[in-house]
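The values are calculated or read from the model by the stated rules, or taken from the named source; none is laboratory data. Predicted, not measured: the structure shown is a model, and the values here were computed from it. Neighbour counts run over all protein chains shown; Cβ positions are idealised from the backbone, glycine included. When the accessible area is computed, the model is the full protein with side chains, heavy atoms only, and any ligands, DNA or RNA have been set aside. Shrake-Rupley method; radii C 1.70, N 1.55, O 1.52, S 1.80 Å.
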Amino acid sequence: YKETRYSKMYSSNADLTIYSAGIEECPKGYQYGPIMRSYYMIHFVFSGEGTLTINDHEFHVQQGDIFLIPANRISLYQASSSHPWTYGWINFWGVSAPRYFQDFLHCSDDTYVIHGVAVESYRQEIEKIIHLSLSSTANFFEANSCLYHIFAKLYSELEINEEQSGNTLADAIKLYIDLKYQKDLKMTDLADVHGIHPNYMSRLFKQSFGLSPKKYLM
């Protein structure tokens, strides 16, 4: 299921909207990437195993895992040469997509990987999306309802609540760095964006993450 003129039209101001979804049964050693996308991705590994590489860091992923790929970040993932994976994916974007994605990252056991998830329970929703026609507005909204069901199930299964979510100022600063790190990002500009003094920002960030925002950026 690919993006449509409806998803393109709504993505600029929607809180959350679907971009694409699908299921892939990969041959041995099948590789996708390196590639950078403008939307966020969640993959559910139904069987087999493989590797995910982001920012030159490699993660082993297997059945029962979810792997997360942020927007505007180069990624590569490859099926095992002996036990290749089958996975489903849901891709999304929208005004609040970075915040929701950050919520999932907070549940990650291994940076971009969440282990031990009941992944089969998400297959049905993805299959519903795949079988929808791309030709009607009604089906676009139906696909989005499946996206919201998947998010509801994830928030419930992962027990995400406001205390776990990235709703603090320090989390907002960290997310901004994560999204803008490739640009010429100055600490004074970062503080101005969040309406605080650079010294206070540095102290707040270090209290939450154990290092200054400048060191985190480096």
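For this structure, a couple of remarks:
Yes/no matrix, rows are residues, columns are (1) surrounded by 19 or more Cβ atoms within 10 Å (Cβ to Cβ); (2) assigned to a strand (DSSP E or B); (3) acidic (Asp, Glu):
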| position | (1), (2), (3) |
| --- | --- |
| ILE23 | no, yes, no |
| GLY29 | no, no, no |
| ARG37 | no, no, no |
| GLY88 | yes, yes, no |
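- Filter result (of a type outside the set (D, E, K, R), out of contact with any Lys or Arg (no Cβ under 8 Å at 6 or more places or on another chain) and closer than 14 Å to ILE69 by Cα) within the range 34-52: PRO34, ILE35, SER38, TYR39, TYR40, MET41, ILE42, HIS43, VAL45, THR51, LEU52
- Filter result for VAL95 (over 12 Å from the mean Cα position of the chain (by Cα) and within 17 Å of THR17 (Cα to Cα)): yes
- Per this entry, GLU157 is not counted among residues that are more than 29 Å from ASP109 (Cα to Cα) and modelled with pLDDT of 90 or more.
- Yes/no for LYS215 being open to solvent by 80 Å² or more (accessible area, probe 1.4 Å), more than 25 Å from ASN72 (Cα to Cα) and either touching a residue at least 24 places away in the same chain (Cβ under 8 Å) or not in a loop (DSSP other than H, G, I, E, B) (or both): no
- Unique residue being touching a helix residue (DSSP H, G or I) at 6+ places or on another chain (Cβ under 8 Å) and of a type in the set (Val, Ile, Thr) when the list is VAL117, VAL113: VAL117
- Sole exception among (1) closer than 22 Å to GLU24 by Cβ; (2) open to solvent by 10 Å² or more (accessible area, probe 1.4 Å) for GLY50, by number: (2)
- Looking across the range 60-79, the residues that are open to solvent by 20 Å² or more (accessible area, probe 1.4 Å) and either more than 20 Å from HIS106 (Cα to Cα) or at pLDDT 95 or above (or both) come down to HIS60, GLN62, GLN63, ILE74, LEU76, GLN78.
- Failed item in (1) under 23 Å from the mean Cα position of the chain (by Cα); (2) more than 20 Å from ARG99 (Cα to Cα), with MET187 passing the rest: (1)
- Screening ILE90 on (1) under 24 Å from TYR181 (Cβ atoms); (2) in contact with a helix residue (DSSP H, G or I) (Cβ under 7 Å, 6 or more places away or on another chain) shows it passes everything except condition (1).
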